[in-house]
Amino acid sequence: MSYIAPVKDMLFDIEHLADIAQVAKMPGLEDAGVETAQAVLEECARFNQDVIAPLNVAGDRHPSSFADGKVATTPGFKEAFAQYVAGGWQGLQHPAEFGGQGLPKTIGAACSEMLNSANMSFALCPLLSDGAIEALLTAGSDELKAAYLEKLVSGQWTGTMNLTEPQAGSDLAMVRSRAEPQPDGSYKIFGTKIFITYGEHDMAENIVHLVLARVTGAPEGVKGISLFVVPKFLVNQDGSLGMRNDVHCVSIEHKLGIKASPTAVLQYGDGTAGSIADSAGPGAVGYLVGQENRGLEYMFIMMNAARYAVGVQGIAIAERAYQQAVAYAKDRVQSRPVDGSMNASAPIIHHPDVKRMLMTMRAYTEGCRAMATTAAAAYDAMHHHPDAETRKQNQAFYEYMVPLVKGYSTEMSLEVASLGVQVHGGMGFIEETGAAQYLRDAKILTIYEGTTAIQANDLVGRKTARDGGQVAKAVATQIGKTEAELAKRDTAEARSVATRLKAAREAFVDVVEFVAGRTKASPNAVFAGSVPYLMLAGNLVAGWQLARSLLVAEDQLAAGNDVAFMQAKIATARFYAEHILIKAPGLRDSIVDGAESVTALAIESF
């Protein structure tokens with residue numbers, strides 16, 4: 001079925017939860033008010049609905065292919081990418097000085113969701129370019145910025161992240177790719193990188209690889225890793241493309257999902273025929289980003305940008321699965337309603353359990369969208385707010401939110417996509433309906449850019465134990481204020497949400513105390529519950545944002561504004577509280593009391 005971008009819901013979050021009017025008062029973002037947001041989102045919706053979404057099924061059935069060292073993307077991708085570039089979409093959030101539009105993340109995140117809902121395989125190419133741009137903006141020299149940023153921001157060239165090697169997955173201390181310094185200040189790069197998204201393709205004239213490698217003589221472990229720019233084609237002084245670099249694609253992976261996105265194995269410094277190696281000997285020419293041995297620090301700039309973006313991908317795939325499930329449920333006729341309201345078989349959306357599944361899908365998706373939008377506003381404030389203390393507070397909040405947006409939203413997407421198949425029944429298990437593609441595509445989201453457990457470890461170690469839970473408790477304090485607002489209302493919906501929000505917040509505070517107090521003394525006990533802690537925290541924050549939505553919607557309803565939409569927003573918030581938020585106290589029990597049973601079984605008994 002066709003994709004319809006949920007522009008109205010996005011604008012509700014941007015206006016009322018992210019408070020775009022305040023974002024637009026910050027230096028550099030003055031033109032980014034609600035009118036701009038609406039204009040950009042509506043145009044973005046048209047482009048993705050008309051140009052990108054129709055290629056989604058084709059990409060699944062006719063994936064990227066590899067032959068003779070070259071990758072051919074799905075028919076239509078190259079032309080669609082040219083339109084994406086022509087529309088200026090790659091540069092939406094990037095600085096105007098390099099040709100971007102300089103719009104806030106609060107708007108950019110909504111556009112990213114649309115692109116990923118339309119076609120996640122396609123969207124991965126711009127996503128990786130965004131990460132490369134962020135890294136160069138932060139750590140690149142003036143020379144590297146001048147050579148690469150404008151072309152990356154325009155989309156004329158694309159970017160990649162090269163971390164993983166056959167022996168080094170999440171443990172980057174094991175990276176073996178090496179970099180040999182050259183007299184002219186460049187380096188020669190040697191090694192093999194795997195799982196490189198869009199590491200080779202036919203949609204852009206150059207690919208700019210950001211590569212982790214060890215300079216000869218560097219310390220062992222993570223302290224000896226540096227970051228390098230290694231272009232597919234070398235760049236001449238005048239900006240034109242020169243010789244082919246000594247890097248080539250060996251193969252692409254055959255995957256469960258995101259099949260149209262080429263996942264490449266890249267070989268550096270192998271003496272590629274027809275490359276610079278013919279005249280200069282083996283070794284891919286690379287240029288150091290920042291300082292030697294600080295590569296992991298710079299790569300985490302890309303990684304954090306990508307982690308948030310992957311969380312948005314989860315929301316995007318959930319939205320697409322929900323839309324298809326609703327359309328099917330309204331169309332599929334099966335069985336009489338249990339309440340006797342119809343004398344003949346009815347569309348299955350009349351059955352209570354189908355409504356429960358659809359409401360679960362809807363509530364999860366809207367809750368995570370609201371959470372991600374609020375986090376985006378904090379990102380904008382941490383970069384643009386004129387007050388230093390406000391910037392600091394927003395940075396702490398945003399950094400706490402990143403593992404929640406990434407971890408909770410992606411785990412959520414799997415449940416929603418699975419429910420989408422369930423709503424279709426047997427037809428969902430058949431590829432022709434398309435429901436199964438969303439489930440297959442969603443699975444990668446809990447794995448790449450750090451598995452859910454890695455996000456949870458970050459949440460426990462860096463985001464909770466390190467500061468004694470201070471940021472987490474500050475979030476809980478803010479949630480308490482929303483509870484107080486709900487308590488002033490006399491509606492059944494507000495009372496119900498307030499009760500569940502309070503119970504979930506109290507469970508969260510108990511877990512934060514446990515994590516902050518026990519991580520050093522009993523690390524196994526804490527980390528045994530790290531993923532449940534992430535899921536509790538994500539559940540709570542998404543529920544909190546829907547509680548805020550309910551307050552806004554009740555006020556709008558009282559004023560007679562957009563009655564059907566506001567009623568739906570209230571109903572969705574109440575459903576989330578009564579069916580999803582209520583899981584929080586149970587998670588608390590498993591975290592605080594259940595650690596011993598995780599580790600009790602002897603390894604030889606497994």
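The values are calculated or read from the model by the stated rules, or taken from the named source; none is laboratory data. Predicted model only: the values in this text are computed from it and were never measured. Because the Cβ atoms are built from the backbone with ideal geometry, glycine has one as well, and the counts that use them run over all protein chains shown.
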Please find, among S549, S590, S597, the residue that is in a helix (DSSP H, G or I) and touching a His at 6+ places or on another chain (Cβ under 8 Å). S549
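Among the residues of the stretch 429-438, how many are closer than 18 Å to V354 by Cβ and surrounded by fewer than 24 Cβ atoms within 10 Å (Cβ to Cβ)?
Of the residues in the stretch 429-438, the ones closer than 18 Å to V354 by Cβ are 429, 433, 435, 438.
Next, from what is left, pick out any that are surrounded by fewer than 24 Cβ atoms within 10 Å (Cβ to Cβ): 429, 433.
So the count comes out to 2.
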Is it the case that A21 is outside any strand (DSSP E or B) and either within 23 Å of the chain's Cα centre (by Cα) or among the polar types (S, T, N, Q) (or both)? no
Check off (1) closer than 23 Å to Q291 by Cα; (2) without any contact (Cβ under 8 Å) to a residue 12 or more places away in the chain for D238 and give me the number that stays unchecked. (1)
Where G517 falls short, out of the listed (1) more than 14 Å from A472 (Cβ to Cβ); (2) surrounded by fewer than 15 Cβ atoms within 10 Å (Cβ to Cβ); (3) free of Cβ contacts under 8 Å to residues at least 60 places away in the same chain; (4) small (G, A, S): (1)
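Test K78 against the criterion of being modelled with pLDDT of 95 or more, among the charged types (D, E, K, R), in a helix (DSSP H, G or I) and closer than 15 Å to D202 by Cα, and give yes or no.
On the way: modelled with pLDDT of 95 or more: yes; among the charged types (D, E, K, R): yes; in a helix (DSSP H, G or I): yes; closer than 15 Å to D202 by Cα: yes.
The answer is yes for K78.
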Residues of the stretch 201-223 that turn out to be surrounded by fewer than 24 Cβ atoms within 10 Å (Cβ to Cβ) and not small (G, A, S), as a count: 11
Among the residues of the stretch 554-572, is any loosely packed, with under 15 Cβ neighbours inside 10 Å, modelled with pLDDT of 95 or more and among the charged types (D, E, K, R)? yes
Residue pairs within 9 Å by beta carbon, gap of at least six or interchain, first lying in the stretch 214-228 and under 13 Å from E297 (Cβ atoms), second among the polar types (S, T, N, Q), listed first then second, are K223/N293; G224/N293; I225/N293; S226/Q291; S226/N293
Tell me which residues, restricted to the stretch 92-125, are under 26 Å from F195 (Cβ atoms) and hydroxyl-bearing (S, T, Y). S112, S117, S121
Of those in the stretch 445-470 that are in a helix (DSSP H, G or I) and among the charged types (D, E, K, R), the residue surrounded by the most Cβ atoms within 10 Å (Cβ to Cβ) is K463
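Looking only at the stretch 86-101, decide whether some residue is on the phi > 0 side of the Ramachandran plot, over 20 Å from the mean Cα position of the chain (by Cα) and of a type outside the set (A, V, I, L, M, F, W, C). Step through it out loud before you land on a result.
Residues of the stretch 86-101 on the phi > 0 side of the Ramachandran plot: 88, 99.
Of the ones still in play, those that are also over 20 Å from the mean Cα position of the chain (by Cα) are 88, 99.
Subsequent filtering for residues that are of a type outside the set (A, V, I, L, M, F, W, C) retains 88, 99.
Yes.
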Given the conditions (1) crowded, with 18+ Cβ neighbours inside 10 Å; (2) aliphatic (A, V, I, L, M); (3) free of Cβ contacts under 8 Å to residues at least 24 places away in the same chain, which single one is not true for A344? (1)
Of all residues in the stretch 323-381, which are hydroxyl-bearing (S, T, Y) and farther than 20 Å from L404 by Cβ? Y328, S335, S341, S345
Hey, among the residues in the stretch 380-428 that are in contact with a Leu (Cβ under 6 Å, 6 or more places away or on another chain) and among the β-branched types (V, I, T), which one's surrounded by the most Cβ atoms within 10 Å (Cβ to Cβ)? T410
Filter the stretch 154-169 for residues that are touching a Leu at 6+ places or on another chain (Cβ under 9 Å) and farther than 15 Å from V265 by Cβ; the one that is surrounded by the fewest Cβ atoms within 10 Å (Cβ to Cβ) is T158
Single residue of Q567, Q545 found to be closer than 19 Å to R369 by Cα and either of a type in the set (S, T, Y) or within 26 Å of the chain's Cα centre (by Cα) (or both): Q545
I need the full set of residues from the stretch 141-195 which are without any contact (Cβ under 8 Å) to a residue 40 or more places away in the chain and part of a strand (DSSP E or B), in order please. E165, A168, R178, P181
Looking at R548, R489, R500, R495, which is the one that is farther than 21 Å from L459 by Cβ, in contact with a Lys or Arg (Cβ under 8 Å, 6 or more places away or on another chain) and surrounded by 15 or more Cβ atoms within 10 Å (Cβ to Cβ)? R489
Hey, can you tell me all the residues within the stretch 418-444 that are in a helix (DSSP H, G or I) and of a type in the set (V, I, T)? V421, V423, T433, I444
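Quick one: would you say S226 is hydroxyl-bearing (S, T, Y), surrounded by 18 or more Cβ atoms within 10 Å (Cβ to Cβ), touching a strand residue (DSSP E or B) at 6+ places or on another chain (Cβ under 8 Å) and at pLDDT 95 or above?
When the stated conditions are applied, S226 passes them.
Working only within the stretch 81-103, note down all residues that are part of a loop (DSSP other than H, G, I, E, B), small (G, A, S) and within 18 Å of Y148 (Cα to Cα). Lay out the reasoning, then the answer.
Start the filter on the stretch 81-103 by keeping residues that are part of a loop (DSSP other than H, G, I, E, B), which leaves 87-95, 99-103.
Subset that is small (G, A, S): 87-88, 91, 99-100, 102.
Once the filter is applied, which keeps residues that are part of a loop (DSSP other than H, G, I, E, B), small (G, A, S) and within 18 Å of Y148 (Cα to Cα), the stretch 81-103 yields G88, G91, G99, G100, G102.
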Across the stretch 132-160, what is the total count of residues that are in contact with a Gly (Cβ under 6 Å, 6 or more places away or on another chain) and farther than 21 Å from K78 by Cα? 1
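On the given criteria, is V7 under 30 Å from L546 (Cα atoms), modelled with pLDDT of 95 or more and of a type outside the set (S, T, N, Q)?
Details: under 30 Å from L546 (Cα atoms): yes; modelled with pLDDT of 95 or more: yes; of a type outside the set (S, T, N, Q): yes.
Criteria met by V7.
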Just for the stretch 243-265: of the residues that are in contact with a helix residue (DSSP H, G or I) (Cβ under 7 Å, 6 or more places away or on another chain) and not β-branched (V, I, T), which one is surrounded by the fewest Cβ atoms within 10 Å (Cβ to Cβ)? L256
Filter the stretch 25-50 for residues that are in contact (Cβ under 8 Å) with a residue 40 or more places away in the chain and of a type in the set (A, V, I, L, M); which is nearest to A260 (Cα to Cα)? A45
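In the list A139, A173, A146, which residue meets the criterion of being within 26 Å of the chain's Cα centre (by Cα) and surrounded by fewer than 18 Cβ atoms within 10 Å (Cβ to Cβ)?
On the way: A139 fails: surrounded by fewer than 18 Cβ atoms within 10 Å (Cβ to Cβ); A146 fails: within 26 Å of the chain's Cα centre (by Cα).
Result: A173 is the single residue among A139, A173, A146 that is within 26 Å of the chain's Cα centre (by Cα) and surrounded by fewer than 18 Cβ atoms within 10 Å (Cβ to Cβ).
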